[in-house]
Amino acid sequence: MAKKLSHYDRTGRARMVDVSQKQPTKREAEASAFVAMKPAILAALPKNPKGDPLEVARVAGIMAAKRTAELIPMCHPLPLALVDVDLRVCENGVAITSKVSTTAETGVEMEALVAVTVSALTIYDMTKALDKGIEIREIVLERKSGGKSGDYHRPKPKKK
């Protein structure tokens, strides 16, 4: 059986999915993103006059996850039990991960993706004066659990 998009009615109009008949269950999602930047920009992170870009980006990601329903038109407002955002400096940029959980009628994939995206945008905003060529890459859902569609784990890339 072919899957269909749930955010459209029979006539093709966009709609919010009715989740009122679903039972609340534990749902989790994890997402990741990467901000690629030159080593000189990475070295300048601790000296940023706007504050610690990694800490500001972490808080921005948490705040954004809580406002996902205000940003994405068909998302349901959810009572989030956990929003965790982690940022790690690598040799060629900053790796960002998020974990979001709830007990609700629908999943938190969008909240996890919004958290890493806004964290990445915040890093860009706080470092763009040094280099406009900073790139935000690889925003992906890593894992989700719970709900009718079951569990999902992003396949690991094959080694070359």
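The table that follows gives values for the structure above.
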{"quantity": "Leading residue by the ranking (nearest to V140 (Cα to Cα)) among those in the range 103-120 that are of a type outside the set (A, V, I, L, M, F, W, C) and in contact with a helix residue (DSSP H, G or I) (Cβ under 8 Å, 6 or more places away or on another chain)", "calculated": "T117"}
{"quantity": "The range 103-124, residues that are farther than 19 Å from R154 by Cα and modelled with pLDDT of 95 or more", "calculated": "V118, S119, A120, L121, T122, I123, Y124"}
{"quantity": "Residue among L141, L121 that alone is surrounded by 15 or more Cβ atoms within 10 Å (Cβ to Cβ), more than 23 Å from M37 (Cβ to Cβ) and either of a type in the set (K, R) or out of contact with any Pro (no Cβ under 8 Å at 6 or more places or on another chain) (or both)", "calculated": "L141"}
{"quantity": "Among (1) touching a residue at least 60 places away in the same chain (Cβ under 8 Å); (2) among the small types (G, A, S); (3) farther than 30 Å from R13 by Cα - the single one A104 does not satisfy", "calculated": "(3)"}
{"quantity": "Leading residue by the ranking (modelled with the highest pLDDT) among those in the range 22-61 that are surrounded by 17 or more Cβ atoms within 10 Å (Cβ to Cβ) and β-branched (V, I, T)", "calculated": "V35"}
{"quantity": "Checking A81 against (1) more than 30 Å from T127 (Cα to Cα); (2) at pLDDT below 95, the condition it does not meet", "calculated": "(2)"}
{"quantity": "Set A60, A29, A69, A64: member being within 16 Å of the chain's Cα centre (by Cα) and either under 21 Å from D151 (Cα atoms) or among the basic types (K, R) (or both)", "calculated": "A29"}
{"quantity": "Complete set of residues in the range 81-112 that are under 15 Å from F34 (Cβ atoms) and surrounded by fewer than 19 Cβ atoms within 10 Å (Cβ to Cβ)", "calculated": "D86, R88, V89, C90, E91, N92, A95"}
{"quantity": "Flag for P155 being without any contact (Cβ under 8 Å) to a residue 24 or more places away in the chain, under 16 Å from the mean Cα position of the chain (by Cα) and either surrounded by fewer than 13 Cβ atoms within 10 Å (Cβ to Cβ) or assigned to a loop (DSSP other than H, G, I, E, B) (or both)", "calculated": "no"}
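The values are calculated or read from the model by the stated rules, or taken from the named source; none is laboratory data. Values in this document were obtained by computation on a predicted structure and should not be read as measured data. Positions of Cβ are backbone-derived with ideal geometry, glycine not excepted, and every protein chain shown enters the neighbour counts.
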